[in-house]
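The next block holds one structure in the form of structure tokens; read it before the comments.
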Amino acid sequence: MPAKKQSFGEFLKDNVATSFKHAIHSRSFVIVYLFHLVFFSAMIYTALKMVPSFLQLSIAQEMGIGLAAGTNTAGILMTQFVYLGVIFIIYWLLSYVITVAVLVGFDEMRRTKKEGRFLDHFVYGFYRLPTLIGIAIVSALLMLPGAILSELVKKVSLTAGSFVYDVYSIVLTLTILLAVPYAVLKKEGILSSIKKSYRAFKDNPVEILISYLVGVAVSLSVVLAFLVPVGVVLVMKLSPAISPLLQQLGGAAQQNPQLMVGSISGIVTALYQHRYWLIGGYVVGIVGFTLSYLFWASYLVGLFRRYGRK
């Protein structure tokens, strides 16, 4: 006899449990963790290097004075901004490749109980990269009607316009939810992936909506489980030193550029003195983000295996 199909409730419970198991035991955890750690650190470092130049320009403008001759602060700031953009684009592209590798690995785990070689999946990710970029571009274009409609409604009611945009965004997200799995696991093209994802949602709108909400809720819970304790500890450590400076920065410092510089310098000094706590919190936070990322990837594969068309 053929195996009895799971009820929706049983599937949902099993998909959450299986996805947690995959996220925790996946051999790709270290690779995904280091990938995000390195690129997030590079972007944060580059952004922090922009702060002195930005403050110098802001204070000079506030005081109505020019910069010293030969100073090219604006040029330095623009160069650092370009560096940040380049790092982000590389991260964005490689994140697609990593996603392909993770999805394929989790699909194999669900079929054969083995994850397979990450390197092979990673190489395969480059072959599917153009398709995923295409899906991202088409998805962005599909958002335009919602944005236009929202702006038209806002002329009548600002609240209604925002509501229209939110509803449109959610519906579109559910419509294309399985497009990436189709492109990765079935090697479908750009439009074919989106169309088949739409059909899957049209056939099972309520179940996919509930599954999506449950997956998002669990993913956020995983992140918060790591970030909340870290945030509480950091606030307890940093608050005594930084709170007075933040109040000063938001008060009299707004009218006194020199006082503003002093407040910012004090905040930077306090952050540097507690740098090891900050670094520790950052490292722990990335662990939570990585677990959430892997959970969602496995969870999406589970949805695809139940609702995806042949």
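The values are calculated or read from the model by the stated rules, or taken from the named source; none is laboratory data. Note that the coordinates shown come from a computational prediction; the quantities given were computed from them, not determined experimentally. Counting neighbours? That spans all protein chains shown, and the Cβs are built from the backbone with ideal geometry, glycine included.
Those helices (runs of 4 or more DSSP H) of the range 170-273 in which 1 or more residues are at pLDDT below 80 occupy 205-250, 257-273. Might you check whether a residue that is farther than 20 Å from Ser298 by Cβ and among the aliphatic types (A, V, I, L, M) occurs anywhere in the range 116-130? Scanning the range 116-130 turns up at least one residue that is farther than 20 Å from Ser298 by Cβ and among the aliphatic types (A, V, I, L, M).
Looking at Ser150, is it at pLDDT below 90, in a helix (DSSP H, G or I) and of a type in the set (S, T, N, Q)? So Ser150 passes the test.
Restricting Lys113, Lys196, Lys202, Lys154 to those that are of a type in the set (D, E, K, R) and under 30 Å from Ile31 (Cα atoms) reduces the list to Lys113.
Every condition in (1) touching a residue at least 24 places away in the same chain (Cβ under 8 Å); (2) surrounded by fewer than 15 Cβ atoms within 10 Å (Cβ to Cβ); (3) within 23 Å of the chain's Cα centre (by Cα) is met by Ala140 except one, and the failing one is (1).
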